[in-house]
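K.L.:
Below you'll find the structure I mean.
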Amino acid sequence: MKTLKLTVIALLLSATTTIAQSKNSKMADKDMSDSWKVSNLKTKVVVNDDNDTYVVKQLEITEEYTPVMLDPKDKKKLNQDIIYMPTEVNKRIRLDYDKDRFYDKEVKFNYLKSDDLNLNFTLTKRGIKVKTDTDKISINRIEDTTGIMHTIVNNRIQKEGTYTLELSNGEKIKVTVTDYNIMK
């Protein structure tokens, strides 16, 4: 049992060091940077129109990477200041809403994390719902900025692209949605 615990801890530590680095972290020191990965499986029992019950599964895998670098002004000094760059979040959600054992939908998100809140994404049959994790700050509007004509998204994101989330505190978060597809 002790070796199993040590093995799991070693695997978790090695998994966090193998997360891919992004384009914003070219100057970042990879040894000082913080990165981690979390998986979360949510299940819910649903009754359909025929009174059949089945389990809806949502698997959410979140990878966060906070690049850091030493202040270039402090070069060759003994104690150098650390500059923290914005945290990059890569999130993948898979949804299974029928009786088979395969996931039916998958989507990937990429964005820079806000200092004040976290974003919660819920993948449904009719699209992606986006909410904040705090009651104090909400999402006022979602704008599709993929093409030349920017359009306002009503309630759910329903296709791949780049979206700007305008929050009630005036902050804007740019979210890129990729690999939004139905899996078979």
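The values are calculated or read from the model by the stated rules, or taken from the named source; none is laboratory data. If you're wondering where the values come from, they're calculated on a predicted model, not measured in any experiment. No Cβ is skipped: glycine too gets one built from the backbone with ideal geometry, and neighbour counts run over all protein chains shown.
K.L.:
Please verify whether THR134 is polar (S, T, N, Q), touching a Gly at 6+ places or on another chain (Cβ under 6 Å) and not in a strand (DSSP E or B), treating the condition exactly as stated.
P.N.:
Spelling it out, it is not the case that THR134 is polar (S, T, N, Q), touching a Gly at 6+ places or on another chain (Cβ under 6 Å) and not in a strand (DSSP E or B).
K.L.:
Under the condition of being loosely packed, with under 14 Cβ neighbours inside 10 Å and among the acidic types (Asp, Glu), which residue from segment 8-60 is modelled with the lowest pLDDT?
P.N.:
Among those that are loosely packed, with under 14 Cβ neighbours inside 10 Å and among the acidic types (Asp, Glu), it is ASP29.
K.L.:
Within the set of pairs 6 or more residues apart or between chains, which connect a residue that is under 21 Å from THR122 (Cα atoms) and free of Cβ contacts under 8 Å to residues at least 60 places away in the same chain inside segment 32-54 to a residue that is among the hydroxyl-bearing types (Ser, Thr, Tyr) and part of a loop (DSSP other than H, G, I, E, B) with Cβ atoms less than 9 Å apart?
P.N.:
These pairs meet every condition: VAL46/TYR97; TYR54/TYR97.
K.L.:
Any residue in segment 147-166 that's more than 17 Å from GLY127 (Cβ to Cβ): show its pairings with residues that are among the polar types (S, T, N, Q) and in a strand (DSSP E or B) at Cβ separation under 9 Å, as long as the two are six or more apart or on different chains.
P.N.:
Close Cβ pairs satisfying both conditions: HIS150/THR164; GLU166/ASN140.
K.L.:
Still on this structure, please answer the following. In segment 136-184, which residue that is of a type in the set (D, E, K, R) and more than 17 Å from the chain's Cα centre (by Cα) is surrounded by the most Cβ atoms within 10 Å (Cβ to Cβ)?
P.N.:
Only one residue fits best here, namely ASP144.
K.L.:
Taking SER114 and the conditions (1) among the small types (Gly, Ala, Ser); (2) without any contact (Cβ under 8 Å) to a residue 40 or more places away in the chain; (3) within 19 Å of SER168 (Cβ to Cβ), which numbered condition does it fall short on, given that it satisfies the others?
P.N.:
It fails just one condition, (2).
K.L.:
Mind counting the residues in segment 63-104 that are without any contact (Cβ under 8 Å) to a residue 40 or more places away in the chain, part of a strand (DSSP E or B) and farther than 22 Å from THR122 by Cα?
P.N.:
Selection size over segment 63-104: 3.
K.L.:
Taking the condition of being exposed (fewer than 11 other Cβ atoms within 10 Å of the Cβ) and either out of contact with any strand residue (DSSP E or B) (no Cβ under 8 Å at 6 or more places or on another chain) or within 23 Å of GLY161 (Cβ to Cβ) (or both), how many residues in segment 73-112 meet it?
P.N.:
8
K.L.:
Take the residues in segment 105-131 that are among the polar types (S, T, N, Q) and part of a strand (DSSP E or B), then tell me which one is farthest from LYS159 (Cα to Cα).
P.N.:
Per the stated criteria, the residue is ASN120.
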